[in-house]
Structure formats: structure tokens, C-alpha cells
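What follows is a single structure, written as C-alpha cells, with notes after it.
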Amino acid sequence: MGAEFCSTTFTAKTSKQVKEKHDELVEQAQYDHGHSGYSGSFAESPGVTVLPAEFDSVENAEEYIDENAKKWENSLAVRIKGTDTWVIGGVFSS
């Protein structure tokens, strides 16, 4: 089985809001793709790890997440420096 990188960008002020956004993404992906697994989407994310890392751009944040997220593990969330913008993503089974 393969894996797909998936990410999204959103605004949040707190780690709690980041975790709530993750839960919304999972719920929507499960609705869109079902609960059978291997969708390559957030439906496969077991949780989220909010990292202290900050990045200069969304592209750099996505590159970091793509290189460091592991299939079957939590999504990763990082902030864009000086903003309330976050990038959350992971590598999901497909």
C-alpha cells in the first residue's frame, strides 16, 4: 500500500484551536471518503502533534512536514513566523 501527502493552511491562535481544526479535518475527510481506510486523506490521521517549529513560508512548512511526517503516525502542525497561520499535514495511507 502507498501513501499520500496532504496538507492544509488555516488560522488559529492557540494549540487547542489547532487540535480542534485537526478533528474537523478528520471528521470531514471521513465523511467524504468513508471509514474504510486507505483514502490518502486526513481520514487516516490518528491525531496531531503541534510542533514549536516556525517557518518563513507555507511552502517551507509543507516541505518540512512532508519530510518528517510518518505514515500511520500523527499529523504535524507548524506555525508561519509572525502570524496566526498554521500548516497541518501528514503522510496518509492510500
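Nothing in this text is a laboratory measurement; each read-out follows from the coordinates by a stated rule. In this text, all values refer to a predicted model and were calculated from it rather than measured experimentally. Heads up, the Cβs are rebuilt from the backbone with ideal geometry, glycines too, and the neighbour counts pull from every protein chain shown.
Against the condition within 14 Å of VAL87 (Cα to Cα) and assigned to a loop (DSSP other than H, G, I, E, B), how does LYS13 come out, does it pass? Spelling it out, LYS13 is indeed within 14 Å of VAL87 (Cα to Cα) and assigned to a loop (DSSP other than H, G, I, E, B). Only one of the numbered conditions (1) in contact (Cβ under 8 Å) with a residue 60 or more places away in the chain; (2) surrounded by fewer than 20 Cβ atoms within 10 Å (Cβ to Cβ); (3) within 9 Å of the chain's Cα centre (by Cα) is violated by ASN74, and that is (1). In region 32-85, the qualifying residues are those that are of a type in the set (Phe, Trp, Tyr) and in contact with a helix residue (DSSP H, G or I) (Cβ under 6 Å, 6 or more places away or on another chain), and the one that is nearest to MET1 (Cα to Cα) is PHE42.
State which residue is surrounded by the fewest Cβ atoms within 10 Å (Cβ to Cβ) when the search covers only region 42-63 and only residues that are touching a residue at least 40 places away in the same chain (Cβ under 8 Å) and more than 11 Å from GLY89 (Cα to Cα). Ranking the qualifying residues of region 42-63, first place goes to VAL58.
With the condition kept exactly as written, say whether any residue in region 19-32 is of a type outside the set (Ser, Thr, Tyr), over 16 Å from VAL91 (Cα atoms) and touching a strand residue (DSSP E or B) at 6+ places or on another chain (Cβ under 7 Å). Looking through region 19-32, at least one residue is of a type outside the set (Ser, Thr, Tyr), over 16 Å from VAL91 (Cα atoms) and touching a strand residue (DSSP E or B) at 6+ places or on another chain (Cβ under 7 Å).
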